[in-house]
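Below is one structure, written out as structure tokens; comments come after it.
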Amino acid sequence: MNKQSDAPRKNSGVRAVTGKPGINRVGATWTGSRWVGGSHFAVVEFPRGSDGRRRKKKTARFKTVSEAEARRAEWLRLKKDGIETPPDKVTLADLMRRYSERQRKADPSPTTKAREAEFRARIDRYLGGMRAQSVRSI
């Protein structure tokens, strides 16, 4: 049986940070007694989509664990609180436009553009002028 070498070795895979749920490390180096270096990122799981699939989002990479923890805490607060609407007269059409701009890829396909335009036309016709703050769940 071969004994593992204590020489530093690079790990390109993702490893969970011990004692820090939702925080992962990537690109660290094993020094024989602990992992050093690499970058850290957080993973937050959001409610399942309408198709029933799990939705996980990863943060950008950070140099320290505390930065990744801070971003994860911010995302968990946003998950709990939902979308904030400013106190002015924001309509559903404005809110939908902001949301689609934030979610859109850099270069959406023509089919995506067509479906988005069709959806906006239908929503704007019936609900677009309604104030977002006046909408309540049933």
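The values are calculated or read from the model by the stated rules, or taken from the named source; none is laboratory data. Nothing here was measured: the structure is a model prediction, and the numbers come from that model. Backbone-built Cβ (ideal geometry, glycine too); neighbour counts: all protein chains shown.
What to note about this one:
- Within segment 16-40, residues that are in contact (Cβ under 8 Å) with a residue 24 or more places away in the chain reach partners that are of a type in the set (D, E, K, R) and assigned to a loop (DSSP other than H, G, I, E, B) with beta carbons closer than 6 Å, at six or more positions or on different chains, in the pairs GLY32/ASP6; SER39/ARG61.
Here's the yes/no breakdown for (1) modelled with pLDDT of 75 or more; (2) exposed (fewer than 10 other Cβ atoms within 10 Å of the Cβ); (3) in contact with a helix residue (DSSP H, G or I) (Cβ under 6 Å, 6 or more places away or on another chain); (4) under 30 Å from LEU76 (Cα atoms):
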position: LYS3; (1), (2), (3), (4): no, yes, no, no
position: ASP6; (1), (2), (3), (4): no, no, no, no
position: VAL14; (1), (2), (3), (4): yes, no, no, yes
position: GLY19; (1), (2), (3), (4): yes, yes, no, yes
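- First in segment 109-120 and within 17 Å of ALA93 (Cα to Cα), second anywhere and assigned to a helix (DSSP H, G or I), Cβ under 9 Å, 6 or more apart: GLU116/SER100; PHE119/MET96; PHE119/SER100; ARG120/ALA93; ARG120/MET96; ARG120/ARG97; ARG120/SER100
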